[in-house]
Every structure is written in structure tokens, then in C-alpha cells.
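Note sheet for the following structure.
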């Protein structure tokens, strides 16, 4: 792999902003979107368990309902691609075993050889369950995937808007997530900014590096 330059990275991150107004006529090319889906698939997670499902919503009627469940924000309707980030609730041994089956499928070997790894993962999940923070712990993983999605999109010249201003129970109802054992946490709109989005040219406001980065 040939690394990109530091200048290219910073240029993309400075170009990126939380897009308030998308141009509904501009669509993300299929190959670019395929790469962004792979960026989601490749997102890191604790123990590699990937406790999530990413719902790509293209149906216009469903998007209208999700817009209403997002305090009337227009991004779910106007963007090119709309992704709902969901987490699997009450993660347990069945999910761990699915992951171990996939390891054997990809890397070879036997599931028996992974028993120690299995025991450690299940032990961690049970500790979190008895401690009452299992779903919260797994929910934190979603934001790793969301961050990777946003940064990857910026490097590809695609605009995004991360959205926490949603009504998760309504999203769950609209998308039938309860039956899948998942719940919505946040969303990501992706596409291309409208020419008249005033926020596109606004200067970024960040604390100075010395205020947020400490070297010890």
C-alpha cells in the first residue's frame, strides 16, 4: 500500500463539514459507494465482534418517514445515500460463535483451536452483562464505524452529515429493527453539498492544538 501524504489527509479533513443541505440531484457513483460500504465492513471493533448492522435506506417513502423521525431534518431525504447505524442488543454466545465460524472460514483452522479466545470473549460479555453495561459498551463501537465512514468519505470527496438528532424508537419501528435484535443509535447522510449551503464555506472553529493535545 502506498500511503497518502499528510497534506492530502489534512486537505480532506479541512474540506469536510457536517453538510446541512445536500443536492438531491447529485448521486454517489456506484464504485465510490461500494468503497464506502467496504469502509464500514472494515471498521474496527472490540475483539473484532462487529456488533452492528448498517442499514442503507434508498426507498423514498421510508426516507420520508425517517426524516420526520429526525425532527424534520432534510438530510435523510436529500442525500444520495442514507445509512442507519444500529447495534445488536444483548450480545451473547451465539454472536461470538458466528464470528468464530467466520474466522475459520477466512483463515482456516478449527473452531476448537479458538476455544480460549471464545472463552475470553464470552467472559468479557458476561462481565458487562452482569455489570449492567453490555449494551452501552457495544453501542460505543458504533461511533468507531461512524468516524471511519466520515473520514473515508472525505478522502473520496463525498460529503457527509453524522446525525444523532434522531428518534431511535421511531427508527426501530420504521425499519423493523426489534425483530432483528438491533436498535438504531445514529445515522449518516452521504452525498454532495448543495451550492447554496452556507455552512460549506464557513471557517472551521476548533480549539488550538495546545488546548486539546497534551504531551507527557
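Given the peptides 77-84, 14-21, 126-133, arrange them by the average over their residues of other C-beta atoms within 10 Å, most packed first.
77-84, 14-21, 126-133
Could you state the number of Å between the C-alpha centres of the range 35-104 and the range 162-216?
13 Å
Among 205-214, 93-102, how do they line up from the highest to the lowest mean number of other beta-carbon atoms within 10 Å?
Ranked from most to least packed, the peptides come out as 93-102, 205-214.
What is the range 1-105 by shape, rounded, prolate or oblate, if you read a ≥ b ≥ c off the alpha carbon gyration tensor as root eigenvalues and call it rounded for a/c under 1.5, prolate for a/b larger than b/c, and oblate otherwise?
oblate
How much length is gained on full extension from residue 213 to residue 197, taking 0.36 nm per residue of separation minus their Cα-Cα distance?
That works out to 2.6 nm of additional length.
Put one equal scatterer on each alpha carbon of the chain, apply the Debye formula with no solvent term, and list log10 I(q)/I(0) at q = 0.08, 0.19 1/Å to two decimals.
Ignoring solvent entirely, the Cα scatterers give -0.35, -1.36.
Would you mind checking the range 64-104 for residues with the amide N under 15 Å from a putative spin-label position 7 Å along Cα→C-beta of residue 173?
65-72
Once Rh is set to the Kirkwood radius over Cα pairs, what Stokes-Einstein translational diffusion coefficient, in µm²/s, holds for the range 107-216 at a temperature of 4 °C and a viscosity of 1.567 mPa s?
70 µm²/s
Please state the relative contact order of the chain as a whole percent: Cα pairs under 8 Å, 6+ residues apart?
35 percent
If each residue of separation counts as 0.36 nm, what is the full-extension length gain between residue 59 and residue 115 once their alpha-carbon separation is subtracted?
15.9 nm
Once you order the gyration tensor axes a ≥ b ≥ c over the Cα atoms, which shape class does the range 5-55 get: rounded for a/c under 1.5, otherwise prolate or oblate by comparing a/b with b/c?
oblate
Where a number appears in this text, it was derived from the coordinates with a stated rule and is not lab data. Only a predicted model underlies this, so the values are computations on that prediction, with no experimental measurement involved. With ideal geometry, Cβ positions are generated from the backbone for all residues, glycine too; neighbour counts draw on all protein chains shown.
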